[in-house]
1. Could you tell me whether residue B:37 is touching a strand residue (DSSP E or B) at 6+ places or on another chain (Cβ under 6 Å), touching a residue at least 12 places away in the same chain (Cβ under 8 Å) and over 16 Å from residue B:175 (Cα atoms)?
2. Residue under question is residue B:116, and the condition is that it be more than 21 Å from the chain's Cα centre (by Cα) and closer than 22 Å to residue B:137 by Cβ; does it hold?
3. Does residue B:82 fit the bill of being assigned to a loop (DSSP other than H, G, I, E, B), in contact with a strand residue (DSSP E or B) (Cβ under 6 Å, 6 or more places away or on another chain), in contact (Cβ under 8 Å) with a residue 12 or more places away in the chain and more than 26 Å from residue A:297 (Cα to Cα)?
4. Residue check: is residue A:90 part of a loop (DSSP other than H, G, I, E, B), assigned by TED's automatic domain parsing to the domain that holds residue A:127, crowded, with 16+ Cβ neighbours inside 10 Å and touching a strand residue (DSSP E or B) at 6+ places or on another chain (Cβ under 9 Å)?
5. Any idea which residue in the range A:19-56 is surrounded by the most Cβ atoms within 10 Å (Cβ to Cβ), counting only those that are out of contact with any helix residue (DSSP H, G or I) (no Cβ under 7 Å at 6 or more places or on another chain) and in a helix (DSSP H, G or I)?
6. Given the conditions (1) more than 7 Å from chain A (Cβ to nearest Cβ); (2) within 22 Å of residue A:270 (Cβ to Cβ); (3) free of Cβ contacts under 8 Å to residues at least 24 places away in the same chain, which single one is not true for residue B:290?
7. Among A:191, A:196, which is the only one that is farther than 30 Å from residue A:274 by Cα and either in contact with a strand residue (DSSP E or B) (Cβ under 6 Å, 6 or more places away or on another chain) or modelled with pLDDT of 95 or more (or both)?
8. Inside the range B:118-144, can you point out the residues that are touching a strand residue (DSSP E or B) at 6+ places or on another chain (Cβ under 9 Å), in contact (Cβ under 8 Å) with a residue 12 or more places away in the chain and farther than 21 Å from residue B:102 by Cα?
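The values are calculated or read from the model by the stated rules, or taken from the named source; none is laboratory data. Please read all numbers here as calculations on a predicted model, not as lab measurements. Quick reminder, even Gly has a Cβ in these numbers, built from the backbone with ideal geometry, and neighbours come from all protein chains shown.
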């Protein structure tokens, strides 16, 4: 099975289609790269490109995207609602199959060092690639945005980049390069109209209040459907599998005499996470995604 | 998503590697065909090739394999333990994604008609492609093998082929062309040493004794492990999903005060069947294989 690494660069341009097209074209020009999605957001004036490759070509694709953005986007002229500090603003690498998040940390370091050296753009390592603990949180890296960070690096040592020149690039700013696991957006709807129950359960299970690690959760009312929802982001399904999250919610709901209506997976989910759920259902101890027929065909 | 059809031709040659290589090469010579597996069995003197393609190229690959086999294998000289009636003996088409078993029946008809016309080999349609009810069972088609069928068609109208000349090809014999769903080999192990319990449950759930449709089941003792096993072949997981089979066994076991130890999936399983299990675990009403990240990359 070939390694698959996903890369989701965010560019500070969401209005000029010809600019976004040229950036995407530069990424796509690397053999073996597959563009999965391009989303332009005119309000945020920001575009999110999703592409995949192997360990090597994903680095080349990311670098070419960074270079094209630095040539085409001037942050001094950029306005939009979303916080940003660079023409290429964030560059996360995500392990999909045959690679680990540690491999993606290495990739982030290689690409970050190359962007710093060849494009003279300062690089901040974030999330799993962070070298300073506070930089695991992207918000801390981007605080003050382009204009604020440009000032901060003049005096504040804690804001110095991990690679490249200390001073921001005059037009392309700085870039946050990182590694993280794929996110899974997972909701469980409860047969209740009492939003307090969803909020209580969310608080009980989320990592930030001492619940399950790598789980973010909030409680909402779904008024049109007369239900309430525990809405979650699972930031590392290998640490806390979806099945464990679901079973914890079933337990908490039962204690409150509430039934589960149904669950939802929003967007995409990695094959390994799906296989894990299937194995749990059937009580299979050894079952891997290599047994999935399509994987033999496509992988 | 492109359509994926699997084809698993069985050839009556399992000893001369150079012959099998030439057959495989002829299939592989069609652009877009992917060879997943080649298994040579010298005792059976038979080879099983597994390949995939789309609706069109899978037909061309199958035909080229049939032609190569008819040029390279002489059944008059063939000896082996496995029953056989042709150089290319059986040719099943199996829907994997984006196609139905009905599509595969059409494909079987097109390829069968072409083999009959261009190679002058009689073709028998079997399983889902069968035109006579008794031919859904391959054993009935192949009864008497090459030597017996050669005699039978001289007088017995019920043994006439569906396509092509009535008389067998002098060296290549006849071929059974069919369509079927992918098989899933699924076992459930029970915490009991009483093989009667496994046999009872197998009888209760298998189609042949009035149980679940498209389920074949037998009970075995797993002596080394001190357990018993319900061993199954699911011949159409879209008619009876794996989850339903598993839940039926859990119910039957509970009635007999026996616990489930674990399950096993032997070999490959289609992605849609895995997604169905995941959705059942989480009570998701809308979840499809199109939400699997890798499918976006590979499909």
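1. Here the answer is yes, as residue B:37 does meet what is asked.
2. Yes; evaluated as a whole, the condition is true for this residue.
3. yes
4. In short, no.
5. So, considering only residues that are out of contact with any helix residue (DSSP H, G or I) (no Cβ under 7 Å at 6 or more places or on another chain) and in a helix (DSSP H, G or I), the one surrounded by the most Cβ atoms within 10 Å (Cβ to Cβ) is A:20.
6. Of the numbered conditions (1) more than 7 Å from chain A (Cβ to nearest Cβ); (2) within 22 Å of residue A:270 (Cβ to Cβ); (3) free of Cβ contacts under 8 Å to residues at least 24 places away in the same chain, the odd one out for residue B:290 is (3).
7. A:196
8. If the condition is that a residue be touching a strand residue (DSSP E or B) at 6+ places or on another chain (Cβ under 9 Å), in contact (Cβ under 8 Å) with a residue 12 or more places away in the chain and farther than 21 Å from residue B:102 by Cα, then B:119, B:120, B:121, B:122, B:142 are the ones that fit.
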